[in-house]
Structures are given as structure tokens and as C-alpha cells.
Amino acid sequence: MNPRWTVRIARLVLTPVGWADLADLQAIKADPRVFAIMLGGVRTHARAAEELAEDISFWAAHGFGMWAVRYAATAEFVGLTGLMQRPDGRGVALRFALWPELQGRGLAREAAAAVLRFGHETAGLARIVAVARESNFASRIVLGGIGMRECGTFTQGGYKMVLYESVASRPAA
């Protein structure tokens, strides 16, 4: 992987997902506390491996994708975050998922903010979206806290979803 795709921030290191992350990704994606409310729901180990192969290919094709999030000091797996094309055509979406026991420490906000910056500044994306269930206040607080703004709602799987967006600011002329 391209070393410029690794993102280092105060407490975390974000690295593009790779085969070395498979066991961690299978564990978090199989955990209903984390993935029950995610698009596509809880994954089997086989599906998580298929998604990893897709994520690796996406990185190669687009220069952005999903990152494994680890503590910088210990390399302990915290969760995942990244940018992926939404299957519903709403655009490139910011995604994040952390172990529940690590939530409430500002880690999701740090990781998501770093990914949003990468998306606009490095990947050159003019618009990035994110989606959260209306009832998922923790994710909505993260998205608002990193500067994304609500721009619509829709229903998915019987749940009201809130659509957020971040539009890159244009340099002054």
C-alpha cells in the first residue's frame, strides 16, 4: 500500500485494510453490538473476508477506502473507518465502527475527522456523505462534531435515516 495512505493522529494510526487485519475485521463485523445497525448488518466470517478483498481492490482503484484503526502506542485494534461508495447512489460515504467498550473516548471523532480531511485534501473528493439512524445519537454527534451537516432524511429497512454531507471549501480566488 501507498505509505501516504497511512494516517497518523494523536492517539491513533489508520492503515488501509489488508489481509493482516482479517481476524480483527471478522470479529468486529460479526459482533451485533457493533454491526447490527450498519448497512448490511452483521457479517459472517466468509462475508467479512469477501468485503476485505473488495476493500483492497477499492483502494487500488480509487486511492481511498477503509482503514483499520489502532492505538498508536500499542497497535491494539480499535475499529474501522473509511470512505466507500454507497450502493444507493448517494455518494462516497464516511463510515466508522468501534468496539463498544471503547466508545465515549473521542476516538470515533478523531478517526472520522482524519478520514474526512483525507477525503477532501488527499483524495480530492468535493462532497462526502454519511448516514446514521435517526435514533443513533452517538454517531450523529460525531458527524456533527466533525463539521458534517444534516442535508436530508430517508427510510431504509423501516428506519428513519439522517443524511449528512461535507462539501470541500474552495480556495479563495
query: Quick check: is even one residue across segment 72-89 among the basic types (Lys, Arg) and within 21 Å of residue 127 (Cβ to Cβ)?
result: yes
Filtering segment 124-173 down to residues that are aromatic (Phe, Trp, Tyr) and more than 24 Å from residue 65 (Cβ to Cβ) yields 137, 154, 159
Just a yes or no: is a residue in segment 139-148 under 22 Å from residue 31 (Cα atoms), of a type in the set (Val, Ile, Thr), modelled with pLDDT of 95 or more and out of contact with any Asp or Glu (no Cβ under 7 Å at 6 or more places or on another chain)?
yes
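The values are calculated or read from the model by the stated rules, or taken from the named source; none is laboratory data. This structure is a prediction, so every number in the text was calculated from the model and none was measured. Every residue, glycine as well, gets a Cβ built from its backbone with ideal geometry; the counts of neighbours run over all protein chains shown.
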